[in-house]
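Enquirer: Dropping a structure here in structure tokens format, bear with me for questions.
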Amino acid sequence: MRTPIIAGNWKMNKTIDEAIQLVNDIKNNLKEEVEVVVCVPFTALNEVKKIISGTKLKLGAQNMHWEESGAFTGEISPLMLKEIGVDYVIIGHSERRQYFNETDETVNKKIKSALKHNIIPIVCVGEALEQREDNIEKEVVKSQVLKAFEDISAEDMVKIVIAYEPIWAIGTGKTATKEEANDMISFIRTTIMDKYDRGVSDKVRIQYGGSVKPNNITEIMNQSDIDGALVGGASLKPEEFIKLISF
Ligand code: 13P
């Protein structure tokens, strides 16, 4: 049985004060059966960690460098995240691939580094609209998956969370249909099975992300292969996010 996991990706939103307020609302509305993660901006990690200690709410960062330290101006290392007590880190979000030169190679390095430091990566994959229109979305996602998990052991693979986020569904209000989402996620699971084995692919949790809202969460979560959601916009409003985690 895979435990459902709903994660809020706040992106570049919320000051420390606003973050404290939002997390205070969320932490009182957790459910026993669902793992809930808030991926907050770096500046809010420490304060949020203090507020959620003693609760089941998990903390995530939105990116990290793969090195532990060094001359990388503006970057944050796994040691720094670990010091705060971060549980998860989003790796390879399409916005980072698109605007900040994230590549399959850097994604792979970051995943290895996160695992080494006991931070669970939430690894994002997903095709662009033109790629879906050209019917190459599976090829694209398969290549992202295989490159991301190059030289990752089966033992590590089962800890990882994958988020399938079709780029055309992010922040657009246009969700993939539940069939499209489940079809791709089951394809990702098969790709993992072919690379490892059934034992691994049965354990890996795969989320859907892209315009997940209170009105579509239930049908998404009811799909056979979808284990959770990575939520942008709707994770910023307490009333919406609380509805999502009580799907
Ligand atoms: P939206 O939920 O705003 O579409 O964002 C999805 C996303 O990018 C989560 O990482």
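The values are calculated or read from the model by the stated rules, or taken from the named source; none is laboratory data. Source: prediction; values computed, not measured. Here the Cβ positions follow ideal geometry from the backbone for every residue, glycine too, while neighbour counts run over all protein chains shown. Heavy atoms of the whole protein, side chains included, go into the accessibility calculation; ligands, DNA and RNA do not. Shrake-Rupley method; radii C 1.70, N 1.55, O 1.52, S 1.80 Å.
Enquirer: Which of (1) open to solvent by less than 70 Å² (accessible area, probe 1.4 Å); (2) within 16 Å of the ligand (Cβ to nearest atom); (3) over 27 Å from ILE119 (Cβ atoms) is the odd one out, the single condition LYS174 does not satisfy?
Expert: The number of the failed condition is (1).
Enquirer: Find all pairs meeting these conditions: Cβ atoms under 9 angstrom apart; at least six residues apart or on different chains; first residue within the range 201-226 and at positive phi and aromatic (Phe, Trp, Tyr); second residue within 15 Å of the ligand (Cβ to nearest atom) and open to solvent by 20 Å² or more (accessible area, probe 1.4 Å).
Expert: If the second residue must be within 15 Å of the ligand (Cβ to nearest atom) and open to solvent by 20 Å² or more (accessible area, probe 1.4 Å), no pairs are left.
Enquirer: Follow-up question, since we're still on this one. Name every residue in the range 1-23 that is part of a helix (DSSP H, G or I) and of a type in the set (Val, Ile, Thr), in order of residue number.
Expert: Correct list: ILE16, ILE20, VAL23.
Enquirer: Now for a different question. Name every residue in the range 78-88 that is free of Cβ contacts under 8 Å to residues at least 40 places away in the same chain and open to solvent by less than 10 Å² (accessible area, probe 1.4 Å), in order of residue number.
Expert: Hit for the range 78-88 is LEU81, nothing else.
Enquirer: Which one of VAL231, VAL161 is among the hydrophobic types (A, V, I, L, M, F, W, C), within 14 Å of the ligand (Cβ to nearest atom) and touching a Lys or Arg at 6+ places or on another chain (Cβ under 8 Å)?
Expert: VAL161
Enquirer: Does the range 24-55 hold any residues that are open to solvent by less than 50 Å² (accessible area, probe 1.4 Å), touching a Pro at 6+ places or on another chain (Cβ under 9 Å) and part of a helix (DSSP H, G or I), and which are they?
Expert: Of everything in the range 24-55, just one residue is open to solvent by less than 50 Å² (accessible area, probe 1.4 Å), touching a Pro at 6+ places or on another chain (Cβ under 9 Å) and part of a helix (DSSP H, G or I), namely ILE26.
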